[in-house]
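First up is the structure itself, then whatever we jot down about it.
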Amino acid sequence: LPEGYNRVGDALVHESVRLGRGARLVGPVMVAPGVKVGDGATLVGATSIGSGCVIEAGVVVSRSVLWNDCHVGAGSLLDFCVVADAAEIEPGSNLHSTLKAGLPSSRRPARAGHAVEESRSPDWADALLPIPAASWRAGAA
């Protein structure tokens, strides 16, 4: 097991995770450090929850990936979704096969022990784009 993680059924859960009353982990689920899972929430694998996420009460997340610092409002259903860093899902949302964008890193609040980095293109973007990412970021294209 990775350091700091415990096995809960088929799930791997970091020791700092707070699971609410009646929260259920079904199948292969990985829950990273600092996550808060609300009362009655259900995480169905294959699902991965990034560090610092907040999953409110009554949420169902199945077959999805949440990056870091996401917030999922109460009573939401996410199935087969990718939720990017610092994205906010409104309470009662019903999302299927959805990619939800988050805040650029320059606009995200800093977490304890983490510096906020200036937003920049991933290195792989230059290989995929006909114009170098640095150029289109600066508006030179």
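Inside the range 1-56, can you point out the residues that are open to solvent by 40 Å² or more (accessible area, probe 1.4 Å), polar (S, T, N, Q) and either closer than 22 Å to VAL82 by Cβ or assigned to a strand (DSSP E or B) (or both)?
ASN6, SER48
Could you list, in sequence order, all residues of the range 68-99 that are open to solvent by less than 30 Å² (accessible area, probe 1.4 Å) and in contact (Cβ under 8 Å) with a residue 24 or more places away in the chain?
Passing the criteria: only CYS70.
From (1) over 23 Å from TYR5 (Cα atoms); (2) at pLDDT 95 or above, pick out the condition that doesn't hold for ARG108.
Of the numbered conditions (1) over 23 Å from TYR5 (Cα atoms); (2) at pLDDT 95 or above, the odd one out for ARG108 is (2).
The values are calculated or read from the model by the stated rules, or taken from the named source; none is laboratory data. These figures come from a predicted structure and were not determined experimentally. Cβ: placed from backbone, ideal geometry, glycine included. Neighbour counts: every protein chain shown. Protein only, heavy atoms only, side chains kept; ligands, DNA and RNA dropped before computing areas. Shrake-Rupley method; radii C 1.70, N 1.55, O 1.52, S 1.80 Å.
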